[in-house]
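A short worksheet on the structure shown next.
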Amino acid sequence: MTELATRAQAFGLVATGVASGLSAPWRLYLARGCRYLSLTVGDRSEWDAWRIHLGCPELSVRVYDAGGEIRRASVAEVVLDGCRISVELVEEVGTDDLDRLLTSDPTSFDSEEK
């Protein structure tokens, strides 16, 4: 395959990953013209497996407030044969996780929990 020129080739790329043992993405978006393919996965291990399988060199993480819930969006991207492919994972982050990031002494949480 020299270019992801058709829908069949783009879906074939995903099918090849699933056939090799990766979990199927729970959402798949293919833009008209096969220039952008987005895979959304359910957990961190699936995200790691897909990004390694596709060889995604570009990684980004964004934390944001979604109506009172804090979410972390992790995106890995690669361009293959003229098609930008992204593997996305959105996770809810609890305020306890944020408190651990903001404290200057993370061991203070460990002693409070015991």
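The values are calculated or read from the model by the stated rules, or taken from the named source; none is laboratory data. Just so we're clear, the structure is a prediction, and the values are computed from it rather than from any experiment. Here the Cβ positions follow ideal geometry from the backbone for every residue, glycine too, while neighbour counts run over all protein chains shown. Surface areas here come from the heavy atoms of the whole protein model, side chains and all, with no ligands, DNA or RNA. Shrake-Rupley method; radii C 1.70, N 1.55, O 1.52, S 1.80 Å.
Put simply, when 48-58, 65-75 are sorted by average Cβ atoms within 10 angstrom per residue, most first, you get 48-58, 65-75. Residues T40, T16, T6, sorted by accessible area with the largest first, give T16, T6, T40 [1.4 Å probe; ligands and nucleic acids excluded]. Put simply, the amide H of C83, placed in the peptide plane, has neighbours under 5 Å in L4, leaving out anything fewer than 5 places away on its chain.
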